[in-house]
1. Short version: ³J(HN,Hα) in whole Hz for each residue of the range 67-74, in order, from phi by Karplus 6.51 cos²θ - 1.76 cosθ + 1.60 (θ = phi - 60°), x for Gly and Pro, what are they?
2. Going Cα to Cα from Lys371, which lysines come in below 21 Å? Please leave out same-chain ones fewer than 8 positions away.
3. Is there a quick way to get the dipole size of the chain? I mean about its Cα centre, with the Cβ of Lys and Arg at +1 and of Asp and Glu at -1; what is the value in debye to the nearest 20?
4. Just name one of Leu308, Gly230, His247: the one whose Cα is farthest towards the positive end of the charge dipole of the range 13-415 (beta-carbon charges, Lys/Arg +1, Asp/Glu -1).
5. Give, rounded to the nearest 20 debye, the magnitude of the charge dipole that the range 40-174 has about its Cα centre when Lys and Arg contribute +1 at Cβ and Asp and Glu contribute -1 at Cβ.
6. Scan around Gln375 for amide H atoms under 5 Å from its own, H built in the peptide plane at 1.01 Å from N, and keep only partners 5 or more places away or cross-chain.
7. Set Lys and Arg Cβ to +1 and Asp and Glu Cβ to -1, take the dipole of the range 13-415 about its Cα centre, and tell me which of Ala121, Val400, Pro207 lies farthest positive.
8. Rounded to two decimals, what ratio of Rg to Rh does the chain give with C-alpha atoms and a Kirkwood Rh?
Amino acid sequence: MARRTALAGALTALTLVLTGCGTGAGGSDDAPERAKGSTPPEGAPTGWRLDHVGDQDGELTDLAALGPDDLWAVGFDKRNGEATGHHLLRDTGDGWRRQALPEALADAPYPPRLDAVGPDALWAVGAGAEQGDPPSIAQWRDGRWSTVTAPPDGDLLDLAAFGTDDVTVLQDPRLPDQDDGEGNITTDDRSQVAHWDGSRWTTTLLPTAAAALDGTSGDDLWAVGHRSKGPGIGGDGQELTQTAALHYDGTRWHTVDTPLRRFADPVPPEAGAALGTVLAVAPDEVYAFGRHSFNHGEMEDEPADEQLRLRWDGKRWRDLPAQDGECGSRTPLLVDGDTGTLYDGHWYQAADGPCYKLKRPRLPTGGEVRKGARQQLWLAETAAVPGTDRIVAVGHLSVVQSGNPFSRPVALRASR
């Protein structure tokens, strides 16, 4: 299955602005532990517990949970604030142990992303050194690493896997600009999907730009992003983009209408809407999240940005009803089966329960940690461990103090 977090990818500049990327989605400092008056219901997770703390500066950047005794993470060390190399960690039931990257990724410029592609198989995908370079892919299967043929040129945006012979990647193919014949040059920002059947890639150019991919099976996939043509573009509304959703039904990709956006008059400059996250729970239960924004600072009495929260019910995309509290305005990081939903900032909502904040661990005072130091826990990836009651996460714990600030890579767990 595809991961359930808000994914970071090499998005277009427009999508980065409209979806509000650049903030730590899983970050939280020493703010009050939970909303006033809310208490975790019985059986729900109450807080994070540290499973691993690195012994030097660095961060963990991604995570894959193959099974109860097969967890993988990837990250990098830091020296004087600079990244000095990346590596794997693996937990087979007796603690996290450091491992070298497979040969295919040994020279990758950035830590690879990890994806479980089956109960006993893992993909590690590394971005190319230059924009448009094909990714490097290594597969862990039957106790060893092997190299997987890279898809056609294009920056990797997202990946959805349902088996070693059923993997789909979303790419930015970096298409050349277009001339409309009248001297007007427009950017061709359409995205591309490539499907791996175990031996070769088959590519399809999508009609719009997409930023995220998810699905319930290889025959039920969704890609969401934005479009710059069609209904709701230009005119009185002056919208540069509208949200876009595309569905694959096992035969072809097709566009599915989403609600149109328009700011009230006076319309702010360079307005546009885009989706940046999609979470597929079931064929008739899919969620998409994004933002309706504009170029701030060019008018008085600016309207507020609009956070977009959509749900597919099997027939159409609709706006989710407004909710009170923190969970009503945040982006989900993990849809925890029928148990609940984890949101950015460590907020959690059990099914039919209240919204509350998970407790966060702290490094003990002493040694490098000075009394009164402020500690911030940032999550890079979360996952539900198959066959267990555990949620796991990786990221880093930042210690903010005068004279000697530092961060430690961490792996965490929560039980429900």
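1. Values, residue by residue: x, x, 10, 8, 10, 10, 9, 9 Hz.
2. Lys359
3. The calculated dipole for the chain is roughly 1500 debye.
4. Leu308
5. For this selection, approximately 220 debye.
6. The list, which skips near neighbours in sequence, is Asp30, Val400.
7. Final value for the positive-end residue is Val400.
8. Rg/Rh for the chain comes to 0.96.
Each value in this text was obtained by applying a stated rule to the coordinates, not by laboratory testing. In this text the structure is predicted, and so the values were computed from the model without any measurement. Glycine also receives a Cβ, built like all others from the backbone with ideal geometry; neighbour counts cover every protein chain displayed.
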